[in-house]
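Working notes for the structure below.
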Amino acid sequence: MSEEKLSKVEIIKKNSRFLRGSLQEELQNDASHFTEEAVQVLKFHGTYQQDDRDLRRELTKQGKERHYIMMIRARIPGGVLSADQYLVFDRLADEYGNGTMRITTRQTFQLHGVLKRNLKSTIRRINEALITTLGGCGDQVRNTVGCAHPHQGPFEDAVRRDLLRLVDETSAKTNAYHEIWLDGERVDPEVDRARETLYGETYLPRKFKIGFAYEGDNCSDVYSNDIGIVAHRDGENVAGYTLLIGGGMGRTASDKETHPALAKPFAFVTPGELVDVVKAIITIQRDHGNRENRKFARMKYLVESRGIDWFREEAERRLGKRLAPPRELVWHSSDDHLGRIEDGDKVHLGLYVENGRIADKPGFPLKSALAAAIAKYRPTVRLTTQQNLILADLAPEAADALQAELAAQGIRLPDAYSPVKLRSMACPAMPTCGLAIAESERVFPKVVERLEAVLAELGLAEEPITVRMTGCANGCARPYIAEIGFVGRVIGKYDIFLGANVAGTRLNARFCEMVPFDDLVPTLRPVLELYRDERLPGERFGDFCHRVGIERLKEAVPVS
Ligand code: SRM
Ligand code: SF4
């Protein structure tokens, strides 16, 4: 492809000498922030340059530069951490970050508010805990997610091993990371050409996401990934995996051609075939994905434009063999694994974390209480894709004591929360996200509170409705597969989406546009009344909205 046509980021990648760019040099200067080109390379290393948007206006008025801060995103495959690893993030959040940790919708940690001068020390310390940030962001395979249920029988162990093998095989191999962050020996970037065989020097056209699920349990929203991998059981063994391809949530509000998509059934593979087939799919996206227009560069658009049959034939050609058809998938649950889980001689405590933010607040010292409990009882920590956390592998007495200690500080098990709160998620948005056009995490608790009140009034308090909010159309909290999705359009106004199903196999549809924040729940009230009056026995809210149809729901609402 001629260079004129390539997007700017493609040129930056090509010139970066396998992700080195000018990072070494820029880390040594006194500037508070990185140059535009370095910012693009930095993403591959797990860091986004942001600025505190709450301060922007005032600083501009004073003629000062923005308050630049870095967001650091780790890669924690399947969300599993040791107690010590958890405690490293806890300490770094205080030492270098804004005093909070954020569990992301892809089961990892983000630290916010790190100053450029502290970036290297922070990444280094994360590394010393044997966790990388390489691949947290950038045009490569991101954190690979999976079901966070802590039970580890032979089946789950085997799936975990396959997940880790895949992570290893799909991780970038450049030496740049060691050189820049760990002061590792410098190698000629040409050496990396021979190492970086999966990605090549321009990596992938866009971010790439892989998610695992166990057959029947879609807690990880497996259809939202570029590649979804569903493990099938054969007793205690893995029979194989059904692969789904071409999922993604992102939209650009101003471009109607962009849209969310659910991954489509692609093939069934044995555990032995998994890595090769996944790598073949990645190389198809590498070679044929759109490198001119980043809005259409996700694999979902390639799958749509060429068709799933073309994709399968191309994969078969590359693999030199036929692929077996995908198995039919049936989902029984998509709930997160919260509460007290008795598991043989172990107990796991799944805790609800509001919007994934681990912070100390007046009267609710979640961060300190978790750190103290984790230091004392040393559970395995499992982050979930629904922004929650499980303290796993505890002896029953330790679980009792830990539960009591947390309760004494006001941190209760999920049965203290409403079903709708437990199924709610919001993205960070303001003040850190550079793409946010509306608030999300900071205002969402208010929406949930109002929704809880209306549901209680209507006798629907026990309905387990999924509700998600994002500060723009990009879909970071996966709002398009929530039964109720709120998507920021401008400051203070949101579009409302309804009608996805709880299994996560159906997208919702736009119900109302540009609804002012204070009208969000009042706008939904007539729909909830209709649901109360006309639902079929056992019918979930999303299914009801889908059956009745958006047009009929609109008739119920007295809005413009
Ligand atoms: Fe996201 C960009 C936060 C999961 C789709 N996302 C961003 C950035 C980095 C903004 C930016 O580019 O400057 C946000 C940083 C905000 C901040 O201050 O922390 C951001 N995304 C997040 C997190 C933290 C949201 C959360 O509530 O946890 C999630 C981090 C995941 C991780 O650990 O890797 C997060 N983002 C998602 C998901 C959900 C998922 O992967 O399951 C999606 C939809 C799925 C998908 O990728 O299609 C998602 N984020 C996007 C997009 C739209 C991509 C697209 O295809 O159009 C962007 C914008 C972009 O890439 O240009 C984006
Ligand atoms: Fe930022 Fe938009 Fe993602 Fe929210 S959905 S974190 S506002 S990019």
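Since every read-out is calculated from the coordinates, none of them should be taken as a lab result. Note that the coordinates shown come from a computational prediction; the quantities given were computed from them, not determined experimentally. Neighbour counts are summed over all protein chains in view; Cβ atoms, including those assigned to glycine, are modelled from backbone coordinates with ideal geometry.
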For Cα pairs less than 8 Å apart in space and 6+ apart in sequence, what is the mean separation divided by the residue count of the chain, i.e. the relative contact order in percent?
12
P(r) tail for the range 339-417, what percent of Cα pairs lie past 18 Å?
32
Picking from 140, 433, 62, whose Cα lies most toward the positive end of the charge dipole for the chain (charges on Cβ: Lys, Arg +1; Asp, Glu -1)?
62
Dipole of the range 100-169, positive end: most advanced residue of 154, 121, 166 [Cβ charges, Cα centre]:
121
Volume in Å³ per residue [convex hull over Cα atoms, computed for the range 95-178]:
127
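If r is the Cβ-Cβ distance from residue 328 to residue 450 and R0 is 35 Å, what FRET efficiency results, to the nearest 0.05? If you can, show how the numbers build up before the last one.
Numbers: r = 40 Å, r/R0 = 1.14.
For R0 = 35 Å, the calculated efficiency reads 0.30.
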In whole Å, largest first, the alpha carbons of the range 353-481 cover along the principal axes 44, 40, 28
Here the gain from full extension of residue 510 to residue 233, 0.36 nm per residue of separation minus their alpha-carbon distance, amounts to 96.0 nm
How big is the equivalent ellipsoid of the range 139-334 along its three axes, where each semi-axis is √(5λ) from the Cα gyration tensor, reported in whole Å from largest to smallest?
27, 22, 17
Taking 0.36 nm per intervening residue step and subtracting the Cα-Cα distance, what contour gain separates residue 276 from residue 5 on full extension?
94.4 nm
How much net charge surrounds residue 71 when only the other residues with a Cβ under 13 Å from the Cβ of residue 71 are counted, with Lys and Arg +1 and Asp and Glu -1?
+3
Could you pull out every Cys in the chain that lacks a partner Cys with its beta carbon under 4.7 Å away?
137, 147, 219, 433, 472, 512, 545
The chain - mean residue ellipticity at 222 nm from DSSP helices (-39,500 (n - 2.57) per run, n ≥ 4, rounded to 500):
-10500 deg cm²/dmol
I want the local charge near residue 355. Using Cβ-Cβ distances under 11 Å, sum +1 for each Lys or Arg and -1 for each Asp or Glu among the other residues.
+3
What does the net charge come to around residue 173 if you take all other residues with beta carbon closer than 9 Å to its beta carbon, with K and R at +1 and D and E at -1?
-1
I'd like the Kirkwood hydrodynamic radius of the chain, using the inverse of the mean 1/r over distinct C-alpha pairs, in Å.
24.3
Relative contact order computed over the range 339-417 (Cα-Cα under 8 Å; 6+ residues apart), in percent
39
Trypsin sites (Lys or Arg not before Pro), restricted to the range 385-438: which are DSSP loop and have at most 15 other Cβ atoms within 10 Å?
412
Let me make sure I get this right: for the range 225-332, a, b and c are the square roots of the gyration tensor eigenvalues over alpha carbons, sorted descending. Under 1.5 in a/c it's rounded, otherwise prolate if a/b > b/c, else oblate. Which is it?
oblate
Using DSSP, restrict attention to beta bridges with both residues in the range 139-334 and report what percent are antiparallel, rounded to the nearest 5.
70
What order, most packed first, do the peptides 273-282, 325-334, 543-552, 107-116 have when packing is the mean number of other Cβ atoms within 10 Å of each residue?
107-116, 273-282, 543-552, 325-334
Counting only backbone N atoms under 15 Å from a point 7 Å out along Cα-to-Cβ of residue 305, the residues of the range 251-266 in range are 257-259
For the range 1-135, take the alpha-carbon Rg, divide it by the Kirkwood Rh, and send me Rg/Rh.
1.01
Whole-number D in µm² s⁻¹ for the range 457-513, Kirkwood Cα-pair radius fed into Stokes-Einstein, 37 °C, 0.692 mPa s
284
Percent antiparallel among DSSP beta bridges confined to the range 421-555, nearest 5, equals 60
